[in-house]
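Input: a single structure, listed below in structure tokens.
The values are calculated or read from the model by the stated rules, or taken from the named source; none is laboratory data. Since the model is a prediction, treat every value here as computed from it, not as a measurement. Cβ sites come from the backbone with ideal geometry, for glycine too, and all protein chains shown count toward neighbours.
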Amino acid sequence: MDRQWMYADRRSKEFIDGVHYFLRVAEANRQRGFICCPCNKCKNQKEYSASRTIHFHLFESGFMPSYNCWTSHGEQGVEMEEDEVEDDNIPDFAQYVGFEGNQTGEEEIAADGNDVADDLGQMLQDAREDCERAQKVGYHSGVVAMKGKNGVSDKAFGDLLKLVKNILPGGNKLPETTYEAKKIVCPLGLEVHKIHACPNDCILYRGEEYENLEACPVCKALRYKIRRDDPGEVDGQLTKKRIPAKVMWYFPIIPRLRRLFRNKGNARMLRWHAEERQQDGMLRHPADGSQWRNIDRKFKEFGKDARNIRFGLSTDGMNPFGEMSSGHSTWPVTMCIYNLPPWLCMKRKYIMMPIIIQGPKQPGNDIDVYLRPLVEDLKQLWKKEGVPVWDEDKQEEFNLRALLFVTINDWPALSNLSGQSNKGYKACTHCMDETESTYLKHCRKVVYMGHRRFLAANHPVRKKGKHFEHKADHRTKPKHRSGKTVFAMVKDLKVVFGKGPGSQHIKSEDGHAAMWKKNSIFWELPYWEFLDVRHAIDVMHLTKNLCVNLLGFLGVYGKSKDTLEARNDLKHMEQRGDLHPEPKEKGSHYLSPASYTLSKAEKESMFECLESIKVPSGYSTNIKRIISTKEKKFTNLKSHDCHVLMTQLLLVVIRGILPDNVRATITKLCAFMNAISQKVIDPDRLEALQNEVVQCLVSFELIFPPSFFNIMTHLLCHLVKEIRILGPMYLHNMFPFERYMGVLKKYVRNRARPEASIAKGYGTEEVIEFCVEFIEDLRPIGVPESRHEGRLRGKGTLGRKAITTVDNNLFRKAHFTVLQHSSLVAPYIEEHLALVRARNIGKSDAWITRHHIDTFPAWLRQHLMGNESINQQLAFLARGPSGSIATFQGYEINGYTFYTRAQDMKSTNQNSAVRVDAMGHDGTTATYYGAIEDIWELDYGPLKVPLFRCQWVRLTGGGVMIDDSGMTTVDLNKVGYSDEPFVLANDVTQVFFVKDMSSKGKKGRGPDEPKRQVVLPGKRKIVRVEDKTDEDYDQLDGQPPFTVTIDPSIFLSNEDTPYSRSDHKEGTIVRRKYVP
């Protein structure tokens, strides 16, 4: 772009001709009839309708400095910042393997793609054979792994290396600089492509058609940024290196899949779904869902080889700087591998990131442009011949194939990937054109109701129209649309991508947004139309939206959603006259209390309960951090906070408040959310779960105003269907991908080049993970070590003391507890019990039991003394424990952290409550609840046995009760079983207690504190800890789910005014003038 004439002598012919040319361009690109003046005084800040005025200004003052690209006069382009330089931040691994990333398009991939993998394997094999080189690779891999794992910058890490190397003896193998460490390790890196893109997201500059273009053929935007001081091409001078206006990074998936199979363990785990998965009819994995089985039936050749990959894909925007003040949006595209076990498929190590799309603006509907390289690889992987890959486990080469199983995104990104508009009147991705929607005039939004059509055909509420405009509803639910049917809807849609001039979008229909925005690029995949669910609903964002919406109407989160506009919509619809706003003086309005409106006393009860909650370690955030007791509101709720509230806590904190049927509906919804969040789901329960959630939605239509029913609330009725098709919900939600984006943010070291920093960090971690698999004593970064590693069998963690003088009675009981639970001792227990009964005929069973407990240890020791034929462990048990007992305030065992009651008082967590299933004296098994008073560790020589001395709640006399909603409550003041205070630490399950506010006496009468406590289960996550591989370890242990057996929709439909309450008159005064 030679525009040196702009700053030449204004009397010269070239300047005069150039100004005339400029004015012709400016005339052709008038904005609203005006032209910006680029003279040195106006500087495009003033506009004029007459071009002669601008002509005069330019000859009088000349052009403003550095205006080489006429961006204010119709030219498309991006100007460089003053201090911007060419982005040479190519990942280190790319530099070392001999290429710098493609600046114009993609690198050519070798025909024999296994060459790279073979070179890697050969390098590591050579390293093993060469001891010195092996040590060098090991040292350097170790230091680079430490750097990557802890996110240390190059400069800081280089300084640390120098310091440590100087401290160590001379001749040590530690690298001197970060560069030296990477130089050894990074030749193992895989290829990465840096592809130029149109700044308006129209095209990628790749392929024969676009690779050599200088401007976008759609919007005419320039490919390279324009230098402010660009003199153009000057003879005899080298032109400066040009900077692309926008780029994307592509990490090809085929070589990365080849590398995955180069490791024996990984190659074996990729067959786990077929060879090791527990197949008992339960839903534990996507392979248990109907979509997986349908693929195997439809594509028999693909399903025959268990090594063929099934991907899940997710994408979302993130702010790489982690600042709310910055609007930068970087879009990584991530993929998980569903062949792996559920405890690995979502781990950082096995999440691939094939694409990074540069910010600062999101691609939106034009994301298909950036997905093109990935889709081409997926099409190649689907071909019958696949790609040749070496399987290290089976020691053979095979043809690998892969398919995209499902995409997992938040609601806006789902629309971008699927091409379906998820706003407006046809927003539901399942109901499609059968979506029932209504526009609210005053709230100015579309809502989605009419859930009676999802009820069973014979449900009584279908016939009752008392609260539904006196109309019955006998419609059937929307039918399922097959992929072929959906493809027929979109196959003829034509879109020209981009955000600049020249782009073409789907026009609206009758003033409403069209149901489809584009024909998604994924329809190019041959198998896409055969998938029942192509884009999964993200239950993480759904749960957060539902929780915030519900709390907003209860008036305990942010601004109340029970607004004047919501009530005026009821008035406009001529419904629920009791709730219409009542005009007051000075333009204010009174909103009478609805059935969900909390009184001041109810809010105090709710937040008293919340403030008292202490949860076990690792359960959730500290509840006190997300509430404001003064304002009686929740604050700063994160996604996981909403998950914990909706699945465990909300139904507890509303006990004793709200009308019965309103509370029952919310409790039933929480029970549903709890059930679908489980890691193992019984498919026979799915139909009942579907009925329950529809009953909740119909009940909510009787309780809440129409403004409650946003699209996220409506989507609840489709979650069960997706579980049946895709498997457990936790394997297709956004939690792991959101966590992974947090990892990517930590890679950003150069704030001017966030995407390049992410690409560099990701590539380095790839190398480290590969090295870890071949070098001993290095742990992977992407599968973090559990805090419970090495502690499953028990380890004291807090307040260790050795005591020698204890109550002899307690000591005997502790010793008896150990003997009682030993299978080696069991025959002798029966023998002694029979002996005691024979010698004490006529004594009661209780006396016999106490005498047996008191005398058995001494009898056993005497009975086995001198018997050398018995088992050695039995001999140690019979001899008895050492008189020196180790006591603790904290103990970790079986994946739990336990505290004593005294330690709990000093902690923000509650770790002292336990549950144990034990056999009573009458031979029946019962569940006992208690709290840990002391933690002992008895020493039997080579055997150490941890015991908890607990204060137990008695089962009778109201000590333990189960209410109608399936919740267990206990009265901690009703203690019992003092003769048997000890229990083996290995046998207990952790629970925690929450105040039951419904057991609190009315104000002025009864106790100030609630009499009872609700029992909630703790949780543990120890799969892959010390080789545990059973998914059931991650369950909420043994606690029965909350259940509401009644159908609240029937009871509510029978009420005259289920939407209002008369037990208090604490309405709301809204001081806003109503504008009709």
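Below is a table of values for the structure above.
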quantity	calculated
Selection within segment 572-617 - surrounded by fewer than 16 Cβ atoms within 10 Å (Cβ to Cβ), touching a residue at least 60 places away in the same chain (Cβ under 8 Å) and not in a helix (DSSP H, G or I)	573, 583, 584, 590
Single condition residue 326 does not satisfy, out of (1) within 22 Å of the chain's Cα centre (by Cα); (2) over 18 Å from residue 402 (Cα atoms); (3) of a type in the set (Gly, Ala, Ser)	(1)
Qualifying residue in segment 334-344 (condition: in a loop (DSSP other than H, G, I, E, B) and in contact with a strand residue (DSSP E or B) (Cβ under 7 Å, 6 or more places away or on another chain))	yes
Matching option when the condition is touching an Asp or Glu at 6+ places or on another chain (Cβ under 8 Å) and farther than 19 Å from residue 1010 by Cα, among 619, 590	590
Filtered residues of segment 56-75 (kept if within 12 Å of residue 26 (Cα to Cα) and surrounded by fewer than 16 Cβ atoms within 10 Å (Cβ to Cβ))	74
Helices (runs of 4 or more DSSP H) within segment 364-479 that include 3 or more residues farther than 30 Å from residue 728 by Cβ and modelled with pLDDT under 95	460-463
Extreme residue, surrounded by the fewest Cβ atoms within 10 Å (Cβ to Cβ), among residues of segment 886-903 that are among the β-branched types (Val, Ile, Thr) and at pLDDT 90 or above	887
Criterion violated by residue 30 - all others in (1) touching a residue at least 12 places away in the same chain (Cβ under 8 Å); (2) surrounded by 15 or more Cβ atoms within 10 Å (Cβ to Cβ) satisfied	(1)
Leading residue by the ranking (surrounded by the most Cβ atoms within 10 Å (Cβ to Cβ)) among those in segment 536-570 that are part of a strand (DSSP E or B) and in contact with a Phe, Trp or Tyr (Cβ under 9 Å, 6 or more places away or on another chain)	537
Number of the exception - residue 906 against (1) farther than 29 Å from residue 941 by Cα; (2) buried (at least 17 other Cβ atoms within 10 Å of the Cβ); (3) more than 27 Å from the chain's Cα centre (by Cα)	(2)
Residue list for segment 464-483, filter: surrounded by fewer than 14 Cβ atoms within 10 Å (Cβ to Cβ) and more than 20 Å from residue 570 (Cβ to Cβ)	472, 474, 475, 476, 479, 480, 482
Matching residues, segment 642-674, being of a type in the set (D, E, K, R), part of a helix (DSSP H, G or I) and in contact with a strand residue (DSSP E or B) (Cβ under 9 Å, 6 or more places away or on another chain)	none
Any hit, segment 925-937, residues being part of a loop (DSSP other than H, G, I, E, B) and farther than 13 Å from residue 794 by Cα	no
Residue satisfying condition, being farther than 19 Å from residue 946 by Cβ, surrounded by 15 or more Cβ atoms within 10 Å (Cβ to Cβ) and either assigned by TED's automatic domain parsing to the domain that holds residue 941 or among the β-branched types (Val, Ile, Thr) (or both), within set 819, 864, 877	864
Test: residue 374 is in contact with a Leu (Cβ under 9 Å, 6 or more places away or on another chain) and surrounded by 20 or more Cβ atoms within 10 Å (Cβ to Cβ)	yes
Selection status of residue 525, at pLDDT 90 or above, among the aliphatic types (A, V, I, L, M) and either more than 30 Å from residue 1058 (Cα to Cα) or in contact with a Lys or Arg (Cβ under 8 Å, 6 or more places away or on another chain) (or both)	yes
Residues satisfying the stated conditions in segment 825-848, i.e. buried (at least 16 other Cβ atoms within 10 Å of the Cβ) and in contact (Cβ under 8 Å) with a residue 40 or more places away in the chain	825
Neighbours by Cβ (under 6 Å, 6+ apart or cross-chain): first from segment 208-227, over 16 Å from residue 496 (Cα atoms); second at pLDDT 90 or above and loosely packed, with under 15 Cβ neighbours inside 10 Å	223/214
Exclusive hit being of a type in the set (Ser, Thr, Tyr) and surrounded by fewer than 20 Cβ atoms within 10 Å (Cβ to Cβ), set 647, 667, 629	629
Elements of type helices (runs of 4 or more DSSP H) contained in segment 708-747, each with 3 or more residues being under 18 Å from residue 405 (Cα atoms) and out of contact with any Ser or Thr (no Cβ under 9 Å at 6 or more places or on another chain)	719-726
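Table: residues versus (1) surrounded by fewer than 17 Cβ atoms within 10 Å (Cβ to Cβ); (2) among the aromatic types (Phe, Trp, Tyr); (3) in contact with a Pro (Cβ under 9 Å, 6 or more places away or on another chain); (4) in a loop (DSSP other than H, G, I, E, B).
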{"site": "257", "(1), (2), (3), (4)": "no, no, no, no"}
{"site": "260", "(1), (2), (3), (4)": "no, no, no, no"}
{"site": "266", "(1), (2), (3), (4)": "no, no, no, no"}
{"site": "273", "(1), (2), (3), (4)": "no, no, yes, no"}
{"site": "278", "(1), (2), (3), (4)": "yes, no, no, yes"}
{"site": "281", "(1), (2), (3), (4)": "yes, no, yes, yes"}
{"site": "287", "(1), (2), (3), (4)": "no, no, no, no"}
{"site": "293", "(1), (2), (3), (4)": "yes, no, no, no"}
{"site": "297", "(1), (2), (3), (4)": "yes, no, no, no"}
